[in-house]
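Report on the structure given below.
The values are calculated or read from the model by the stated rules, or taken from the named source; none is laboratory data. All values derive from a computational prediction rather than experimental measurement. Here the Cβ positions follow ideal geometry from the backbone for every residue, glycine too, while neighbour counts run over all protein chains shown.
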Amino acid sequence: MRELIRKLVETYGPSGVEEQIRAVIRAEVEPLAGELRVDPLGSLVVHKQGSPSAGSGQAGEGQCIVLDAHMDEIGVMVTYVDEKGFARFTRIGGVSPLTCAGARVAFADGTVGVIGVEEKREDASKTPKFEQLYIDVGATSRDDCPVHVGDAAVFVRPFVCMERAQGTRLIAKAMDDRIACAVLIETLRRLEHTPHDVYFVFSVQEETTLSGARTSTYGINPDLAIAVDVTGTGDKPECRPMAVELGKGPAVKVQDSGMIAHPRVRDLLVQRAKEADIPYQLEVLERGTTNAAAMQLVRAGVPSGCLSIPCRYIHTPSEMVDEGDVQNSVQLLLEVLRTA
Amino acid sequence: MILRELSEAVGVSGNEGDVRAVLLDAVREHVDDVRVDTMGNVLAFKHGTGRQRMRVMLAAHMDEVGLMVVGYDDDGFLRVRSVGGIDPRLLPGTLLQVGPEHTPGVIGVKPIHLLKKGEGEKVPKLEGLVVDIGAKSKDEARKLAPLGTYATFTTRFRELGPTVSGKAFDDRAGCAVLVELLRGERFRFDLHAAFTVQEEVGLRGARVAAYGIEPDCAFALEGTIADDIPKDKDVSPTTELGQGPAITVMDRSFIADRRLVNLLTSTAEELGIPYQIKQPGIGGTDAGAIHLAREGVPSVTVAVPCRYIHSPVALLRLDDFNNTVQLMRASLSRLTQRTLERGKD
Amino acid sequence: MEVIPLLKQLSEADGIAGHEEPVRVFLRQTWQPFVDEMREGKLGSLIALKRGIGSEPRPKLMLAAHMDEIGLMVTGIEKGFLRITRVGGTDRRVLLGLEVVVHGRRDLPGVVATRPPHVLPQDEREKAVPWDKFFVDVGLPTEEVERLVTVGDLISIRREMVELKNRRVAGKAMDDRACVAAVTLALEQLSGVRHAWDVFAVATVQEEVGLKGAITAAYGVAPDLAIALDVTFGKHPGVPEVDAFPLGGGPAIGVGPNFHPGLVTRLKEVAEAHEIPYQIDPIPGRSGTDAWAIQVTREGVPTALVSVPVRYMHQPVETLAAQDVERAGRLLAAFIAGLEMDFMEGLAWEDS
């Protein structure tokens, strides 16, 4: 699975420009599923038809379930190219100026840039504002600058695997949410029989507006939806208190700042984890939300929940997850899908 | 000039009746069907030649920002709140028209002679401002301007040469562009034009219009920020007057569909129509609501650059306006189902 | 039905956003005799139908009042103390020293604890306590707490309703149980009344965290018209005059972009005809109520807002005048009774 994860995290795909990552995911899932389509905003919808269990003879015991992971990552977009060829930019999704200083970014065609910080700032001890940052692609003037207003770039960081006795940590940019894409692909790969009608949705534009999940869910109209996304942890020095820790298992979301998990979905995840002896944690996230917040409001409502992969340093170029948590997430999803 | 009529019509969010009337008159004979929905959107339909089986939505919003009467003080002054985003710095010294009778009103503040040290530096807050319609008592004020009465600027439209000035170019400029498009030849596809309500308070009309129309793609037509006045730093003007229609790639409400952006830019380049990319990350438009309708609608926003939008007097260039109409007409003529196809990805 | 005992039962029932089961159960029982059918929406809203007598297809009116209240939730356990966060817009300033109930494996009485002023530095004493410095103390040994309570457990405010002078009452969750009471009274008044339209009375969920019940229930019901009921700011020191409505002045009717003028006019006419005192609430944009969600459902729904003035909103001493609740109920019942089959035609914008 490590190769799959590496491939996914290192592919370019900021919100709104997901073609490249969609192509990579499509290549992985095409041989595995019945039906596959790309919806109007660009989300990749993969359908795995359910089959009633042998000997049960019961029609309709399965439900229509959506599993969602978003393909898009945060990034930056050029807003202006000045006379000397330096590019000013705005953020795509939740990027903090703190992670920008000295960062390396890459555009769709591979052009690399460095983010510089204005030295003449009024208060150099404060975090710089976006207006005080710029991208240097090595141009000398507006005319010879290879990037233009509207071009999008992502942060550049290679995938790293840290093997330790206590567990393997995986580090890369875009673990949010490519790690969940990997989980979904692996789940699809290992899923043999299911009584449910399952849709694996790789959605677009989560980091900006949750648009892809909202519209794809409308198209499918499921009985139940589970978003798979990363969540924060409370196990770093001087961090905000939070009950989730790396390596203690996937987290079942109770609530976050944008939604309250439907008790039925939350209990289903907890139940299956207990039955199959999969370690799990309960999660309350005070800042941040996921696609589940959008999915639950579609049409007359969709009972929704979230399976979260604990992750340190979210929205920085070095997001860190635990490999055991990732594998247990796949396990848990398989348990949910295998039985009615 | 339709832009003059539209600019001078009064239509604050939730009270678009006068603008609706102007538009119904302007388009009635040029479309196959026109109706007003429960929110007040004007929905006009122009069927296509049948060569392309597509539903294309064009939207422009009728409403402008303004004020609402929410209370009175004992001397007959009106207390107001803003409808949509009004910058309170623009209010001291303005002339307003209040209510359906267009009752004149003024906003004045404490005279400069009486200011204490440092007071002149401060921006008066909206809660501290009052509108004076000349009433002598609370009761008289209440009769003349009951709670909920709308007020807006009284700016007259003026032709200045290559430019024109007036109020509410956001988005009467977009409405005027849409009227011009409806007055022209049929396109190959069915065209659903929506003159929407309540964009300024949350993209409200567009949301229900898009749900009803179920388009395959959508174009929002706007009057947008041009901040091309002299500055200390070499930074983006957002858009510039004279550089042609401004295309949105991303703003705070949505990300434009790249295939539609490419259609517009390649058409512009081929025909030599000037265009610009609006500074990404600024503002929001009806496309923000439209793209979320049902299963999703690929969308883009095209705007006429306007200086001083949301102020009593905005300014735009007629050549930018005409180029916007031209670019839209040409791009729509080139729009086919193939535009929305995807490669093998 | 007497309004004050009804308010007491509704106010004291538990029903934090996302977990409205206890109050939903109570409402099912209470509404049962007055309606023809009841069902639960996908997120838990209670949707009750009282059929009209008009010929099919009958137009539909939706009434919406939210049954969820704000509250607290356990986010962690430290040395037997519970770390907490809010569910909805719970006001930090009223939490100190509050008695609560922790809904763990069983209901545990608790207190919101924090450090006494004597030991705090001066500047901290003058600020509201930040969320990560609040703890709830259930007075049990650590192992007991860890056995009985877990992350995600809900904590509700323990508060019995109190009767003040002049038929004014104070308690928790009057936002929006006061309006749920008004809808209940309206349903009672309509039993035995022949009205043309189908009436869907909806007790919505999760209003406090994003109007979620209203968004989804309105889509499911697909009404032709809707009236949302919520509380508005009662007049008391500290509230700007333009935002304040005196208790006892009658329900407030919203005017502004969120509300269809034709519907507002009809409500005013009904109030005047039945001598129900009312007030006008000008709202220049977002109303912050279920009405905001319902108005833009599907192809749009003409919507109105009727509000009961409540002092000290989002504090466990929300105070209102029982008469205002009664008047809101009467206004709804009278409106529904007089609603003619072709009312929608009269709502068309003049110039279409």
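On the basis of being aliphatic (A, V, I, L, M), out of contact with any strand residue (DSSP E or B) (no Cβ under 7 Å at 6 or more places or on another chain) and either modelled with pLDDT of 90 or more or not in a strand (DSSP E or B) (or both), does C:Val129 make the cut? Please lay out each step first, then the result.
Working: aliphatic (A, V, I, L, M): yes; out of contact with any strand residue (DSSP E or B) (no Cβ under 7 Å at 6 or more places or on another chain): yes; either modelled with pLDDT of 90 or more or not in a strand (DSSP E or B) (or both): yes.
Taking the combined requirement at face value, the residue satisfies it.
The residue that is farthest from C:Val183 (Cα to Cα), among those in region C:19-48 that are among the aliphatic types (A, V, I, L, M) and surrounded by 14 or more Cβ atoms within 10 Å (Cβ to Cβ), is C:Leu43.
Within the bounds of region B:73-87, is there any residue that is more than 14 Å from every other protein chain (Cβ to nearest Cβ), surrounded by fewer than 20 Cβ atoms within 10 Å (Cβ to Cβ) and within 19 Å of the chain's Cα centre (by Cα)? There is at least one residue in region B:73-87 that is more than 14 Å from every other protein chain (Cβ to nearest Cβ), surrounded by fewer than 20 Cβ atoms within 10 Å (Cβ to Cβ) and within 19 Å of the chain's Cα centre (by Cα). Being outside any strand (DSSP E or B), within 13 Å of chain C (Cβ to nearest Cβ) and free of Cβ contacts under 8 Å to residues at least 24 places away in the same chain is a property that does not hold for A:Asp277. Given the structure, is A:Val284 touching a residue at least 60 places away in the same chain (Cβ under 8 Å) and closer than 15 Å to A:Val244 by Cα? Criteria not met by A:Val284.
Would you mind telling me which numbered condition in (1) over 28 Å from B:Gln337 (Cα atoms); (2) surrounded by fewer than 22 Cβ atoms within 10 Å (Cβ to Cβ) B:Glu64 fails? All conditions pass for B:Glu64, except number (2). You will find that of C:Gly192, C:Gly238, the residue that is away from chain A (no Cβ under 14 Å), within 21 Å of C:Gln29 (Cβ to Cβ) and part of a loop (DSSP other than H, G, I, E, B) is C:Gly192 and no other.
One residue stands out among those in region C:300-352 that are within 14 Å of chain B (Cβ to nearest Cβ) and under 25 Å from the mean Cα position of the chain (by Cα): the one that is farthest from C:Phe233 (Cα to Cα), which is C:Gly300.
With a requirement of 3 or more residues that are surrounded by fewer than 20 Cβ atoms within 10 Å (Cβ to Cβ) and in contact (Cβ under 8 Å) with a residue 40 or more places away in the chain, the strands (runs of 3 or more DSSP E) lying completely within region A:153-219 that satisfy it span A:167-172.
For the criterion of being outside the structural domain of C:Arg28 (by TED's automatic domain parsing), of a type in the set (A, V, I, L, M, F, W, C), in contact (Cβ under 8 Å) with a residue 12 or more places away in the chain and touching a Lys or Arg at 6+ places or on another chain (Cβ under 6 Å), C:Ala128 passes. Every condition in (1) more than 19 Å from A:Glu319 (Cβ to Cβ); (2) within 14 Å of chain B (Cβ to nearest Cβ) is met by A:Ala124 except one, and the failing one is (2).
Condition check ((1) away from chain A (no Cβ under 14 Å); (2) among the aromatic types (Phe, Trp, Tyr); (3) touching a residue at least 24 places away in the same chain (Cβ under 8 Å)) across all residues:
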residue: B:Leu260; (1), (2), (3): no, no, yes
residue: B:Thr265; (1), (2), (3): no, no, no
residue: B:Gly284; (1), (2), (3): no, no, yes
residue: B:Leu292; (1), (2), (3): no, no, yes
residue: B:Val300; (1), (2), (3): no, no, yes
residue: B:Tyr308; (1), (2), (3): yes, yes, no
residue: B:Asn323; (1), (2), (3): yes, no, yes
residue: B:Leu332; (1), (2), (3): yes, no, yes
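Condition check for C:Lys268 on (1) in contact with a Phe, Trp or Tyr (Cβ under 9 Å, 6 or more places away or on another chain); (2) touching a residue at least 60 places away in the same chain (Cβ under 8 Å); (3) within 13 Å of another protein chain (Cβ to nearest Cβ); (4) in a helix (DSSP H, G or I): one failure, at (2).
Taking region B:166-215 as the range and being more than 12 Å from every other protein chain (Cβ to nearest Cβ), acidic (Asp, Glu) and under 12 Å from the mean Cα position of the chain (by Cα) as the test, the residues that pass are B:Asp170, B:Asp171. Screening region B:43-139 for strands (runs of 3 or more DSSP E) wholly inside it with 1 or more residues that are within 24 Å of B:Arg172 (Cα to Cα), of a type in the set (Ser, Thr, Tyr) and not assigned by TED's automatic domain parsing to the domain that holds B:Val12 returns the ranges B:78-83, B:103-106.
Exactly one residue out of C:Thr216, C:Thr232 is under 18 Å from the mean Cα position of the chain (by Cα), among the polar types (S, T, N, Q) and assigned to a helix (DSSP H, G or I), and it is C:Thr216. Against the conditions (1) surrounded by fewer than 23 Cβ atoms within 10 Å (Cβ to Cβ); (2) assigned by TED's automatic domain parsing to the domain that holds B:Leu6; (3) in a loop (DSSP other than H, G, I, E, B), B:Tyr211 satisfies every one except (3).
Restricting region C:55-82 to residues that are within 14 Å of chain A (Cβ to nearest Cβ) and assigned to a loop (DSSP other than H, G, I, E, B), which is surrounded by the fewest Cβ atoms within 10 Å (Cβ to Cβ)? Checking each candidate, the answer is C:Lys79.
For residues that are among the hydrophobic types (A, V, I, L, M, F, W, C) and in contact (Cβ under 8 Å) with a residue 24 or more places away in the chain, scanning just region B:224-248, find the one that is farthest from B:Gly288 (Cα to Cα).
Residues of region B:224-248 among the hydrophobic types (A, V, I, L, M, F, W, C): B:225-226, B:229, B:235, B:241, B:246-247.
Adding the requirement that they be in contact (Cβ under 8 Å) with a residue 24 or more places away in the chain leaves B:225-226, B:229, B:241, B:246-247.
Numbers: B:Ile225: 17, B:Ala226: 20, B:Ile229: 28, B:Leu241: 24, B:Ala246: 17, B:Ile247: 14 Å.
Going through the qualifying residues, I end up with B:Ile229.
Residue-level check: of (1) under 25 Å from A:Ile185 (Cβ atoms); (2) more than 20 Å from the chain's Cα centre (by Cα), A:Leu307 misses just (2). Of the residues making up region A:289-310, just one is in contact with a Gly (Cβ under 7 Å, 6 or more places away or on another chain), part of a loop (DSSP other than H, G, I, E, B) and either among the basic types (Lys, Arg) or more than 24 Å from C:Pro223 (Cβ to Cβ) (or both), namely A:Thr289. Filtered by the rule that a residue be within 14 Å of chain A (Cβ to nearest Cβ) and of a type in the set (S, T, N, Q), region C:149-163 gives a lone residue, C:Thr150. Taking region C:24-54 on its own, how many of its residues are more than 14 Å from every other protein chain (Cβ to nearest Cβ), touching a helix residue (DSSP H, G or I) at 6+ places or on another chain (Cβ under 7 Å) and among the β-branched types (Val, Ile, Thr)? Result for region C:24-54: 2. Elements of the type strands (runs of 3 or more DSSP E) sitting completely within region A:1-105 and holding at least 2 residues that are over 23 Å from B:Arg294 (Cβ atoms) and more than 9 Å from chain B (Cβ to nearest Cβ): these cover A:75-81. Just one of the listed residues (B:Phe169, B:Phe157) is in contact with a helix residue (DSSP H, G or I) (Cβ under 8 Å, 6 or more places away or on another chain), aromatic (Phe, Trp, Tyr) and farther than 26 Å from B:Ala287 by Cβ, namely B:Phe157. Taking the conditions (1) away from chain C (no Cβ under 12 Å); (2) over 18 Å from B:Ile309 (Cβ atoms); (3) of a type outside the set (Lys, Arg); (4) crowded, with 22+ Cβ neighbours inside 10 Å in turn, B:Asn41 satisfies each one other than (1).
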